[in-house]
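Data first, discussion second: the structure below is written as structure tokens.
The values are calculated or read from the model by the stated rules, or taken from the named source; none is laboratory data. Nothing here was measured: the structure is a model prediction, and the numbers come from that model. Neighbour counts run over all protein chains shown; Cβ positions are idealised from the backbone, glycine included. Ligands, DNA and RNA are stripped out before the accessible areas are found, and what is left, the full protein with its side chains, is counted by its heavy atoms. Shrake-Rupley method; radii C 1.70, N 1.55, O 1.52, S 1.80 Å.
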Amino acid sequence: MKTRKYYNIEGVIHNGFRLSRDYATLDFNFVKLGDQGVAALCRSRSIKDIRTLCLTQNKLGPSAAAALGKSEYLGKLEHLKVYNNKLGDDGVKLLAESAKMPNLKSLRLALNKVGPQGALYLAESEHLGSVTKLILGENNLGDEGVKNLLKAKTLDNLEILDLKNNGLTDEAAFAIGISKNFTKLHTIGFTGNKLTGKGEDAIRGFLTLNRLRLGLKKDGTVLDLSDLDIGDFEIGVLAKNEDMKDLRELFLELNNITSKGVRYLAESEWLKNLTLLSLDRNTIGNEGAILIANSANFAHIENLLIENNGITDAGIIAIAESEHMDNLIRLYLDGNEYGEESLEALKYSEHMDNLEYPEFEQDEEEEEYEEDEEEYEDVDEFEEDDEEEDIDGDDFKEGVK
């Protein structure tokens with residue numbers, strides 16, 4: 001077979017820049033370079049400033065990976081796309097062992113016949129610390145490959161991992177679920193594998209724990225999970241997490257939390273120090289409000305935000321009558337369908353002496369009583385003035401005798 005040679009690689013590169021319309025991007029999906037073309041490309045100084053290199057469907061083998069790994073001109077490369085080639089485990093090893101691409105953030109290796117050994121090469125690499133996205137879909141990893149990958153030494157910044165169509169079972173999912181690695185990972189592609197509901201829950205639980213770690217402030221007292229499309233499952237994971245033991249402020253507004261999620265919070269052994277709980281714009285309803293009212297966990301709550309939750313008088317009256325709401329200072333209820341009965345219950349609650357909001361208008365009888373007290377005080381002051389004048393007069397008479 002005649003070997004194709006690239007004597008004019010600079011022309012190919014120039015054409016690539018022109019088609020990409022970006023001197024930081026080279027996309028060779030439009031031309032099949034082959035191994036020798038990639039080798040010529042990697043020797044050219046013209047690529048020294050590129051950030052993205054796409055070599056999709058170029059029939060590349062391990063020798064192309066070797067050229068990429070040895071190139072002196074890929075120091076600024078951030079995104080390497082080599083999916084749908086034939087790199088195999090040997091090619092992955094050559095890329096993983098390279099120290100020539102220190103700024104690499106995205107590595108796409110889908111459809112490259114990568115197996116468990118290739119996953120181990122990636123895990124053992126000391127040069128992938130900047131990678132945030134690793135695409136390994138449509139390969140042959142199997143459960144063993146995932147377990148190998150979980151041994152990673154330098155993939156600490158990984159955020160997105162694609163493992164779709166890799167012949168995986170619940171065994172791989174459970175291994176991920178108990179892993180202490182990949183703490184920044186927030187997305188895992190798992191479609192096309194043989195997972196049951198338990199396996200899927202293991203993955204969701206793992207990702208939820210990562211989300212909690214990322215959302216928790218360094219001192220462990222504030223957690224903001226607002227507007228993250230989380231539901232009762234994620235709240236259940238949160239409620240069982242010992243890392244929440246010092247939590248004071250929990251923001252959960254704009255999510256999909258129901259009374260089931262509130263029950264998890266109300267029964268948690270790790271959420272007994274909350275002073276602020278925000279559940280605005282969820283669907284906790286009266287059942288959720290009653291669970292809050294009846295939970296000793298919430299005895300320290302000072303600020304409770306439950307706006308737009310489908311709560312009616314029954315839920316609010318339960319809060320007003322709760323012996324656990326003694327410390328409540330501010331209660332936000334807008335967007336719920338309640339009436340005067342609820343406001344009366346809050347106003348005359350036996351347990352809410354500290355409540356400052358919502359504010360209530362004073363009754364007319366109370367206002368009249370206050371006016372009577374003021375008049376009485378004025379009379380007392382007037383009589384005291386008279387007594388002082390009499391004493392002064394007597395003293396004067398005694399002084400001139």
| request: Could you tell me whether any residue of region 27-34 is among the β-branched types (Val, Ile, Thr) and part of a strand (DSSP E or B)? | output: no
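Of these, Leu128, Leu95, which one is in contact with a strand residue (DSSP E or B) (Cβ under 9 Å, 6 or more places away or on another chain), under 18 Å from Asp35 (Cα atoms) and touching a residue at least 24 places away in the same chain (Cβ under 8 Å)? Spell out how you get there, then give the answer.
Working: Leu128 fails: under 18 Å from Asp35 (Cα atoms).
Testing whether each residue is in contact with a strand residue (DSSP E or B) (Cβ under 9 Å, 6 or more places away or on another chain), under 18 Å from Asp35 (Cα atoms) and touching a residue at least 24 places away in the same chain (Cβ under 8 Å) leaves just Leu95.
Let me confirm something: among Lys198, Lys217, which residue is open to solvent by 30 Å² or more (accessible area, probe 1.4 Å), at pLDDT 95 or above and charged (D, E, K, R)? Give the derivation first.
Working: Lys217 fails: at pLDDT 95 or above.
On inspection, the qualifying residue turns out to be Lys198.
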| task | Note down all Cβ pairs under 6 Å where the first residue falls in region 174-203 and is part of a strand (DSSP E or B), the second is among the basic types (Lys, Arg), and they're at least six residues apart or on different chains. | result | Gly189/Lys164
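Please verify whether region 304-313 includes one or more residues that are part of a loop (DSSP other than H, G, I, E, B), surrounded by fewer than 22 Cβ atoms within 10 Å (Cβ to Cβ), among the β-branched types (Val, Ile, Thr) and in contact with a helix residue (DSSP H, G or I) (Cβ under 7 Å, 6 or more places away or on another chain).
Looking through region 304-313, at least one residue is part of a loop (DSSP other than H, G, I, E, B), surrounded by fewer than 22 Cβ atoms within 10 Å (Cβ to Cβ), among the β-branched types (Val, Ile, Thr) and in contact with a helix residue (DSSP H, G or I) (Cβ under 7 Å, 6 or more places away or on another chain).
Quick one: which residue in Arg263, Arg330 is on the phi < 0 side of the Ramachandran plot, in contact with a strand residue (DSSP E or B) (Cβ under 6 Å, 6 or more places away or on another chain) and basic (Lys, Arg)? It would help to see each step written out before you state the result.
Values: Arg263 fails: in contact with a strand residue (DSSP E or B) (Cβ under 6 Å, 6 or more places away or on another chain).
Answer to the selection: Arg330.
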| query | If you go through region 97-136 one residue at a time, how many are under 29 Å from Thr25 (Cα atoms), part of a loop (DSSP other than H, G, I, E, B) and open to solvent by less than 40 Å² (accessible area, probe 1.4 Å)? | reply | 12
| field | Count of residues meeting criterion [surrounded by fewer than 17 Cβ atoms within 10 Å (Cβ to Cβ), touching a residue at least 24 places away in the same chain (Cβ under 8 Å) and closer than 22 Å to Gly91 by Cβ] in region 19-50 | value | 5
| Has region 137-159 got any residue that is crowded, with 19+ Cβ neighbours inside 10 Å, in contact with a Ser or Thr (Cβ under 7 Å, 6 or more places away or on another chain) and part of a loop (DSSP other than H, G, I, E, B)? | yes
